[in-house]
Amino acid sequence: MDNEPQHENRIEITPEQLWNVLGMIQQAVMLIILFFVYVVVSIIIARSASVHPGLVSWMQNLQNLFHSDNIPMDLVWGALAGFGLALFLSVLDTLVAVIGKKNVRQWLHRTDNMLPVTRVQKRWALSISLSGSIIEEIMFRGFIYMAIIPLWSHWIWAALLLSAVFSLLHAGVQGFWSTLWIFIISVFLCYFIAHGRSLYFVAMTHVIINISNLFILPLFFKKRDE
């Protein structure tokens with residue numbers, strides 16, 4: 001069995017580079033851009049809705065994502081789905097190590113360099129995870145997915161395309177296997193949206209997956225002191 005730590009082809013990132021005020025600034029910029037797009041489309045529709053039926057349909061579908069008969073239950077079920085997906089992908093990750101005859105403990109801790117360490121880093125990590133998960137869902141499963149899903153005969157094709165883009169955006173930092181897990185998560189999130197779940201549900205699912213990977217699962221797989 002290979003007892004050496006496994007390193008994937010990824011950029012080496014430290015917690016100081018990830019968990020700081022710049023992360024929140026990035027989220028704020030993304031939110032401003034989304035708001036700007038929404039306002040521009042709203043103005044176009046208000047002036048000439050009959051000329052742009054595609055934009056009208058997109059806007060209606062986007063707004064429907066924010067409709068829920070029971071937001072608290074959406075959040076509860078979304079949290080359960082998020083924790084379940086995080087555990088499921090941890091099992092898959094472990095199987096990759098076993099099948100590849102890798103050192104399982106070292107494999108599971110291969111991205112520990114990205115975990116927040118200090119109290120300040122943990123506060124930023126929690127803030128960025130919460131805001132980033134919500135904004136990313138509005139952007140990807142909301143704005144973009146609602147725009148491309150009518151172009152395909154089945155939701156899965158739009159989901160695969162969106163998930164490929166979504167996961168590749170993480171590839172440089174996360175490495176191949178983590179990028180694959182992100183791709184799978186994205187497909188699940190698209191599935192939830194395509195089958196009538198609200199944006200509250202998928203946003204909470206995304207939040208819990210991030211929090212599980214940053215704070216909860218590392219406690220279960222705590223690395224033994226050498």
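Spot the failing condition for residue 152; the list is (1) loosely packed, with under 14 Cβ neighbours inside 10 Å; (2) of a type outside the set (S, T, N, Q); (3) under 16 Å from residue 135 (Cβ atoms), and only one is missed.
Evaluating residue 152 over (1) loosely packed, with under 14 Cβ neighbours inside 10 Å; (2) of a type outside the set (S, T, N, Q); (3) under 16 Å from residue 135 (Cβ atoms) leaves (3) as the failure.
Checking residue 182 against (1) of a type outside the set (Asp, Glu); (2) within 20 Å of residue 13 (Cα to Cα); (3) buried (at least 18 other Cβ atoms within 10 Å of the Cβ); (4) in contact (Cβ under 8 Å) with a residue 60 or more places away in the chain: exactly one of these is not met. Which one?
Tallying (1) of a type outside the set (Asp, Glu); (2) within 20 Å of residue 13 (Cα to Cα); (3) buried (at least 18 other Cβ atoms within 10 Å of the Cβ); (4) in contact (Cβ under 8 Å) with a residue 60 or more places away in the chain, residue 182 fails exactly one: (4).
Can you name every one of the helices (runs of 4 or more DSSP H) wholly within the range 59-166 that holds 3 or more residues which are within 21 Å of residue 19 (Cα to Cα)?
119-136
Coordinate-derived values only; no laboratory data. These figures come from a predicted structure and were not determined experimentally. Backbone-built Cβ (ideal geometry, glycine too); neighbour counts: all protein chains shown.
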